[in-house]
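Data first, discussion second: the structure below is written as structure tokens.
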Amino acid sequence: DSSGEYYWNTETNFLYYWPETDFAISEIVFSQIKDSLFTLEDASYISFESVTAKYFRNGFVSGSGNNITVAKCELSSMAGPAAVLLTGDFITVKGCHIHELSAAGIHVQTGDIASQRQGHTVISDNIIHDF
């Protein structure tokens, strides 16, 4: 009906797209990664710094671990519950620009409420918008 719209015929597996601008200069992107770009399981001492990532269907990094750092990253155009979704202690998310999201920018579960144990997690100086 109007520019920027698309229709996917699931019977023929054809995608019909009407670009917002001239087709020759339009950016068309298909994300084939259904999970987070990085999925951690009880990881330790992992650092992502100065990474630019976009067009993911389920965020940039998710999972669990300790001593994980995400710093000075540019994360955009992501679906899923959060661009950064981590569980653990000593997690740092600092100085990132996170935008154009379907849900949250950063979600961290840290420490232990029952025992009142601190998680020693730092989330600071991030710019998050357009979610």
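Residues in segment 1-11 that are at pLDDT below 80 and either of a type in the set (Gly, Ala, Ser) or open to solvent by less than 100 Å² (accessible area, probe 1.4 Å) (or both) were compared, and the one that is farthest from Ala83 (Cα to Cα) is Ser2. If we scan segment 106-122, do we find a residue that is at pLDDT below 95, surrounded by 19 or more Cβ atoms within 10 Å (Cβ to Cβ) and in a strand (DSSP E or B)? Taking every residue of segment 106-122 in turn, none turns out to be at pLDDT below 95, surrounded by 19 or more Cβ atoms within 10 Å (Cβ to Cβ) and in a strand (DSSP E or B). Entry remark, segment 12-48: residues being open to solvent by 100 Å² or more (accessible area, probe 1.4 Å) and of a type outside the set (S, T, N, Q) number 12 in total.
Test Val51 against the stated conditions and say whether it is open to solvent by 40 Å² or more (accessible area, probe 1.4 Å) and aliphatic (A, V, I, L, M). So Val51 passes the test.
Among the residues of segment 54-77, write down those that are open to solvent by less than 60 Å² (accessible area, probe 1.4 Å) and not in a strand (DSSP E or B). Answer for segment 54-77, where residues must be open to solvent by less than 60 Å² (accessible area, probe 1.4 Å) and not in a strand (DSSP E or B): Asn58, Gly59, Phe60, Cys73.
The set of residues from segment 78-99 being without any contact (Cβ under 8 Å) to a residue 40 or more places away in the chain and part of a strand (DSSP E or B) comprises Met78, Ala82, Ala83, Val84, Thr87, Ile91, Thr92, Val93, Lys94, His97, Ile98, His99.
The values are calculated or read from the model by the stated rules, or taken from the named source; none is laboratory data. Given the structure is predicted, the values throughout are model-derived calculations rather than measurements. Please note: Cβ atoms are built from the backbone with ideal geometry, for glycine as well, and neighbour counts cover all protein chains shown. For the accessible areas, the whole protein counts, side chains as well, though only heavy atoms, and no ligand, DNA or RNA atoms are used. Shrake-Rupley method; radii C 1.70, N 1.55, O 1.52, S 1.80 Å.
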